[in-house]
Amino acid sequence: MRAFYGPDQALHDPLQFMRYGRLVAPKDLPERTERLLGALSARGVAPEAPAAHGAAPALAVHTPSYIEFLSTIWERWAQLPDHGPEVWPNTFPYWSGRPEDAARPPCPAEGIVGQVGWYLGDLSVPMGPHTWTSTLRSCETAVSAADAVAQGEGAAYALCRPSGHHARADRASGFCYVNNTAVAAQRLRGRFDRVAILDVDAHHGDGAQQIFYNRRDVLTVSVHADPATYYPFFTGYVGETGHGAGEGFNLNIPLPHGSGGDAMLAAVDAASRRIGDFRAQALVVALGFDAHRLDPIGVLKLEAEDFAGVGAQVRALDLPTLIVQEGGYAIEAIGDCLAAFLEGFDRR
Ligand SMILES: [Zn+2]
């Protein structure tokens, strides 16, 4: 399997994360990429550097004002007197909570504090001096892997970091800035009429859901821990089935906290049936490993070997498949999770 990764993706090195009213150590550590690269290396897979696609592919699913913000905010922030070490919001606009709400207009405020509050949706997306560089490179990794699949590769793996699936059309959140999975699915639409996204990260893929919520050409399916008491809290419920032309083309499968491999496999089985009914021509897997029982912010109880079963189920769909790395923060376990997934995927 071809794999893609750009070393600049490791430059993003967040310093701060808010949890239960306290500043705590960040969870999206650069070391995550080393563990995932190690798993690839053990399989004899040498990742290729992505091509320089620039921001154009991201602009196919994100608003111009949002990408402008992401790509310029550090330089503006660095000119503030007595600024902190990272761009971090301290105000948040009202959000209706309606899942069918599409992207907002550009931020009406001209000042930095207002714009930071508009575009950075929570306190888990600080932006340091290298965040945009890593984000753009992560997106380019997804795009290059998508192009490989579009050009006939049966499967490709994009080692994306930062992750993407929480990024909305106009808002960063949940360690995510640009929605690599959504960008890749949109890219594949240039080659395939119907593309399905299967998200097995422990968190609901709220960004991808929002981006495609009104569309029927990209089916979004997410298996995740029940959001009633887990991030992203406000979406991920079974009643969210799409809107307008997209009605019926979003499927959420929340799992009770404490669920293990059997529950995940049953959910992916149900997801697979929906993807089959959709007659998808290509598949994007948003692959997170934070369902592992050791994940420091996890609530599910999968073992690394359980991801082999998920990999086998994905392979059984028999579609051109792009695998996009999302979350997973148990440094000691995520390499084993990727190894297991790929082993299951490659098993005949
Ligand atoms: Zn996650």
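The values are calculated or read from the model by the stated rules, or taken from the named source; none is laboratory data. What you are looking at is a predicted structure, and each value in this text was computed from that prediction instead of being measured. Every residue, glycine as well, gets a Cβ built from its backbone with ideal geometry; the counts of neighbours run over all protein chains shown. These area figures cover heavy atoms from the full protein model, side chains too; ligands, DNA and RNA do not enter into them. Shrake-Rupley method; radii C 1.70, N 1.55, O 1.52, S 1.80 Å.
Counting only residues that are in a loop (DSSP other than H, G, I, E, B) and more than 16 Å from residue 145 (Cα to Cα), how many does the stretch 35-54 have? The qualifying residues number 2. In this structure, is residue 41 in contact (Cβ under 8 Å) with a residue 12 or more places away in the chain, over 15 Å from residue 162 (Cβ atoms) and hydroxyl-bearing (Ser, Thr, Tyr)? Spelling it out, it is not the case that residue 41 is in contact (Cβ under 8 Å) with a residue 12 or more places away in the chain, over 15 Å from residue 162 (Cβ atoms) and hydroxyl-bearing (Ser, Thr, Tyr).
Yes/no matrix, rows are residues, columns are (1) open to solvent by 50 Å² or more (accessible area, probe 1.4 Å); (2) among the aliphatic types (A, V, I, L, M):
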site	(1), (2)
66	no, no
79	yes, no
82	yes, no
88	no, no
95	yes, no
113	yes, yes
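Residue pairs whose Cβ atoms lie under 8 Å apart, sitting 6 or more positions apart in sequence or on different chains, and linking a residue in the stretch 199-216 that is part of a loop (DSSP other than H, G, I, E, B) to a partner that is of a type in the set (A, V, I, L, M, F, W, C) and open to solvent by 10 Å² or more (accessible area, probe 1.4 Å), are 202/299; 213/102; 214/102; 214/245; 215/245; 215/249; 216/245; 216/249. If you go through the stretch 173-189 and keep only what is part of a loop (DSSP other than H, G, I, E, B) and away from the ligand (no atom under 13 Å from the Cβ), you end up with 177, 178, 179, 189. Consider the stretch 235-290 and keep the residues that are at positive phi and free of Cβ contacts under 8 Å to residues at least 60 places away in the same chain. The one that is surrounded by the fewest Cβ atoms within 10 Å (Cβ to Cβ) is 258.
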